[in-house]
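Engineer: Handing you this structure, nothing more for now.
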Amino acid sequence: MIVDDGDIVRALGFVTLYSSYLEEQIELLVKMLEPIKPYSKGWQVSDKITHAKKAIRKMNCSELSGLVEDLCTCSELFLERNELTHGRIFGGVNRPDTLKSSRLEISERQVNSEELYQLANEFWMYISAIYRPMIFDLPKAINVFLNIKS
């Protein structure tokens, strides 16, 4: 767990780095699910998550319900990341740091390093959360599903 040191730029770097690691883990998950539901390369992470959830639900395996829930949380994390990385953060000398959205309809808001480090740490936690069922539960569920289907 990374501790907040007050450095907003460093914190945003960890958000970007750890989110890319999680996206890679989700890519591996989608590849693993190919026998259940084929996919096309080049999808955005939101499409990969949606695809993975559909494939997992198709198997109807109760042991994987937590994985679907974790993928839903991952979607939310990536939305937060997008807000931060596609917006502009203005450091304040005599005022708080401000995030100005790239979308005109969204108001600017205050942002701080604590928020960014918390998000980075959540990305880090979900890398393991997505990986863990890929070791035993998912391969077993895929085999059971394919054997029942054939």
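Engineer: Just checking, how many residues over segment 24-55 are out of contact with any Phe, Trp or Tyr (no Cβ under 7 Å at 6 or more places or on another chain) and in contact (Cβ under 8 Å) with a residue 40 or more places away in the chain?
Structural biologist: 6
Engineer: Under 24 Å from Asn143 (Cα atoms), charged (D, E, K, R) and part of a loop (DSSP other than H, G, I, E, B): which single residue out of Lys53, Lys41 fits that description?
Structural biologist: Lys41
Conditions (1) assigned to a helix (DSSP H, G or I); (2) open to solvent by less than 20 Å² (accessible area, probe 1.4 Å), marked per residue:
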position: Leu104; (1), (2): no, no
position: Ser107; (1), (2): no, no
position: Leu116; (1), (2): yes, yes
position: Ala120; (1), (2): yes, yes
position: Ile127; (1), (2): yes, no
position: Ile130; (1), (2): yes, yes
position: Pro139; (1), (2): yes, no
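Engineer: Then there is this: Give the residues of segment 63-78 that are more than 10 Å from the chain's Cα centre (by Cα) and open to solvent by less than 40 Å² (accessible area, probe 1.4 Å), sorted by residue number.
Structural biologist: Matches in segment 63-78: Leu64, Gly66, Leu67, Val68.
Engineer: Looking for something assigned to a helix (DSSP H, G or I), in contact (Cβ under 8 Å) with a residue 40 or more places away in the chain and open to solvent by 90 Å² or more (accessible area, probe 1.4 Å) - is there at least one such residue anywhere in segment 79-99?
Structural biologist: Residues of segment 79-99 assigned to a helix (DSSP H, G or I): 79-86.
Restricting the remaining residues to those that are in contact (Cβ under 8 Å) with a residue 40 or more places away in the chain gives 81, 84-85.
From what's left, open to solvent by 90 Å² or more (accessible area, probe 1.4 Å): none.
The answer is no, given that none of the residues of segment 79-99 is assigned to a helix (DSSP H, G or I), in contact (Cβ under 8 Å) with a residue 40 or more places away in the chain and open to solvent by 90 Å² or more (accessible area, probe 1.4 Å).
Engineer: Name the one entry in Lys140, Lys100 that is in contact with a Phe, Trp or Tyr (Cβ under 8 Å, 6 or more places away or on another chain) and farther than 18 Å from Leu77 by Cβ.
Structural biologist: Lys100
Engineer: Follow-up question, since we're still on this one. Starting from segment 123-150, take each residue that is touching a residue at least 60 places away in the same chain (Cβ under 8 Å) and under 16 Å from Asp70 (Cα atoms) and list its partners that are surrounded by 15 or more Cβ atoms within 10 Å (Cβ to Cβ) and of a type in the set (Val, Ile, Thr), counting only C-beta distances under 6 angstrom and pairs at least six apart or across chains.
Structural biologist: Close Cβ pairs (under 6 Å, with a partner that is surrounded by 15 or more Cβ atoms within 10 Å (Cβ to Cβ) and of a type in the set (Val, Ile, Thr)) do not exist here.
Engineer: Restricting to segment 98-143, name every residue that is polar (S, T, N, Q) and under 21 Å from the mean Cα position of the chain (by Cα).
Structural biologist: Ser101, Ser102, Asn112, Ser113, Gln118, Asn121, Ser128
Engineer: Of the numbered conditions (1) more than 22 Å from Gln110 (Cβ to Cβ); (2) touching a Lys or Arg at 6+ places or on another chain (Cβ under 8 Å); (3) at pLDDT 95 or above, Ser19 satisfies every one except a single condition; which is it?
Structural biologist: (1)
The values are calculated or read from the model by the stated rules, or taken from the named source; none is laboratory data. Small disclaimer: the values here were computed from a predicted structure and weren't measured. Ideal geometry is used to build each Cβ from the backbone, glycine not excepted, and the neighbour counts take in all protein chains shown. Calculation scope for accessible area: heavy atoms of the full protein, side chains included, ligands and nucleic acids excluded. Shrake-Rupley method; radii C 1.70, N 1.55, O 1.52, S 1.80 Å.
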